[in-house]
Amino acid sequence: LNTIVAIIMLCGGVYAMQREFARNLDQARDLKAALTNREFELFYQPQVDQTGKLTGAEALLRWKRPGGGYVSPAEFIPVAEEAGFMPVIGDWVFNESCKTLVFWQQDAATRDLKLSVNVSVDQFMKDDFVDTVLARLTTLEIDPTRLKLELTESMMADDVDLIVSKMSALRTAGVTISLDDFGTGYSSLSHLRRLPIHEIKIDRSFVQEAPGNKRNQLLLKSIFDIARTLDMSVVAEGIETKEQFLLLQSFGCTVFQGYYFGRPLPLPGFHKQWAHDSAPPLAETA
Ligand code: C2E
Ligand code: MG
Ligand code: MG
Ligand code: MG
């Protein structure tokens, strides 16, 4: 009987895998059409300083399926990566982000804002990535210091010397390099030593577990010490409560992002809520 149960479970497992595979194939096909069908959108999530004043935003990709709702990037980006679409989708994200930067530069209320743009490994490793980015900034007369590129440690599996030289070229041109999801990858510290980055973004898992977890707090504290030593700034992401905000502030954090301040919004909504001269009041609820 045990053998029969085992065989049934095995078949069930294989069947589930086949279904998952077919679903991903369907999604990959739809993703390919999504660009031409203009189904992608960028949302903007505010980043603020210690006083709650807006300093910039992170551009976050959304896929609006016809007739359906938004598909989360956590769901479709792995499929797009697997299918090799990320460089093309990433190009669209970058061009769209550039339009926003041009728009921001025209208004005194938004002129100083920085825009953080996520870049996938495949996209960054393309031979012409740096040239394409810098050429676009020049053509559109965008101040490079308004652009931040967010990269993750997953790229460290590639040629580190090449990564360092690409980052250096961008950095020399004035672009800010940010290391996203810091603390979730392998051997983060050895990467920090080698990479010419300006900023690390502490992963939200650290931020969210910090209050009430002494070990986590000590770890966070040392991350800030290391960042100071290496002359890097730290952005805390995933701030959902006042408690997390105050705790991170006490460690010396200067840039914050999370639902506590604001959710990602389409550009018009973002402007309506954020783009005026006075600092918006911080959310009262913790
Ligand atoms: P990420 O770059 O680490 O972006 C932060 C994610 O945390 C976003 O999820 C954001 O909506 C979410 N978030 C922000 N504040 C909070 C909070 O207080 N609580 C919680 N629970 N979540 C918060 P999102 O938009 O679903 O994006 C997920 C990931 O997809 C991003 O993580 C990034 O790795 C990737 N991604 C998004 N847009 C792009 C893109 O244009 N290009 C590439 N290559 N990757 C992207
Ligand atoms: Mg990011
Ligand atoms: Mg992040
Ligand atoms: Mg993340």
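Some values worked out for this structure:
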{"item": "Selection count, the stretch 109-155, where residues are touching a residue at least 40 places away in the same chain (Cβ under 8 Å) and of a type in the set (Gly, Ala, Ser)", "result": "3"}
{"item": "Of all residues making up the stretch 81-139, the number that are within 16 Å of ligand 2 (Cβ to nearest atom), open to solvent by 20 Å² or more (accessible area, probe 1.4 Å) and under 25 Å from residue 256 (Cα atoms)", "result": "4"}
{"item": "Residue satisfying all of: in the stretch 180-204; polar (S, T, N, Q) and more than 14 Å from ligand 2 (Cβ to nearest atom); surrounded by the most Cβ atoms within 10 Å (Cβ to Cβ) among these", "result": "188"}
{"item": "Residue selected from the stretch 144-179 under the condition part of a helix (DSSP H, G or I) and within 14 Å of ligand 1 (Cβ to nearest atom), by the criterion surrounded by the most Cβ atoms within 10 Å (Cβ to Cβ)", "result": "155"}
{"item": "Residue count, the stretch 180-201 (criterion: away from ligand 1 (no atom under 14 Å from the Cβ) and on the phi < 0 side of the Ramachandran plot)", "result": "12"}
{"item": "In the stretch 224-248, residue nearest to residue 176 (Cα to Cα) [restricted to those that are in a helix (DSSP H, G or I) and within 16 Å of ligand 1 (Cβ to nearest atom)]", "result": "248"}
{"item": "Helices (runs of 4 or more DSSP H) wholly inside the stretch 34-143 that include at least 3 residues being under 20 Å from the mean Cα position of the chain (by Cα) and polar (S, T, N, Q)", "result": "86-105"}
{"item": "Matching residues, the stretch 235-265, being free of Cβ contacts under 8 Å to residues at least 60 places away in the same chain and among the basic types (Lys, Arg)", "result": "242"}
{"item": "Long-range neighbours under 7 Å by Cβ, at least six apart or interchain, first residue open to solvent by 30 Å² or more (accessible area, probe 1.4 Å) and at pLDDT 95 or above within the stretch 33-47, second within 14 Å of ligand 1 (Cβ to nearest atom) and not small (Gly, Ala, Ser)", "result": "41/62; 41/64; 41/266"}
{"item": "Cβ-Cβ under 9 Å pairs, at least 6 apart or on other chains, the stretch 180-203 side assigned to a loop (DSSP other than H, G, I, E, B) and among the aliphatic types (A, V, I, L, M), far side away from ligand 3 (no atom under 16 Å from the Cβ) and open to solvent by less than 20 Å² (accessible area, probe 1.4 Å)", "result": "195/163; 195/167; 197/167"}
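The values are calculated or read from the model by the stated rules, or taken from the named source; none is laboratory data. Owing to the predicted nature of the structure, the values given are computational and were not obtained by experimental measurement. Glycine gets a Cβ as well: all are built from the backbone with ideal geometry, and neighbour counts include every protein chain shown. With ligands, DNA and RNA removed, areas are computed over all heavy atoms of the protein, side chains included. Shrake-Rupley method; radii C 1.70, N 1.55, O 1.52, S 1.80 Å.
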